[in-house]
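Values quoted throughout were computed directly from the atomic coordinates according to the rules given, and no laboratory measurement underlies them. The structure displayed is predicted, hence computed values, not measured ones. Note that each Cβ is placed from the backbone with ideal geometry, even for glycine, and that neighbours are counted across all protein chains shown.
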Amino acid sequence: MEWTMKYKTGSLLALAVLSVVGCTHRVAMQPIKVEPVRMTLDINVTMQRQEIEDAAAEASPVIGTRAPDFTLSNQDKQPITLSSLHGKWVVLYFYPENETTGCTMEAVEFTTLLPQFNKLNATVLGVSDNSIQSHCDFIANHQLQLTLLSDPNHEVMDLYGAWVISSLGNLQYGRAVRTTLIIDPTGVIRLFMPEVMPQGHAERILKKLTNLQNIRLTK
């Protein structure tokens, strides 16, 4: 089945604020075009971070669909394949750039809460277009305990809607969009959050994962 999450984030996006060795970038499915998510938010209205994230997530058409498989190399040059993690929950988060303020904050917070994610049988994977060496340096500089995957050609980021083409006059350029998914042990997407506010995001994802697991237990 062909599948994608390409979209234009519009005004909501304004609210969200060397070499690679051994990478494998093979995606079994080709993306198809999905109607853009269209949302209207008054930027003059004060909104809590969770409300912004929830508003974007509720508009997603991909909840309940199967997450496309992929293989990318981690900071240790080891290939990580999504389908090999079946049986575990996966928190898959895409971020723009190592060593920037928001991305560092997000990674440190995920590291702090990692033991709690582990207790919930969840693996946390971070993905950016940074090189393997950049991931190694980022991890060392901030004592991170995360698995970071390198996607230098944006193939997986594009497939998951985390890489968009923007325009500035006649200039077109690609950019990463902070995007987080929760994938259940069968490989089905249970949360897709295309607009992420980095501060406190890891804690909010932990709460959502807990709620999702509680819902499954009551069924």
Hey, quick one: spin label on Gln213, modelled 7 Å out along Cα-Cβ, who in the stretch 79-102 has an amide N within reach, i.e. under 11 Å? 89-90
Could you check the simple spin-label distance between Ser84 and Thr100, using points 7 Å along Cα→Cβ, in nm with one decimal? 2.9 nm
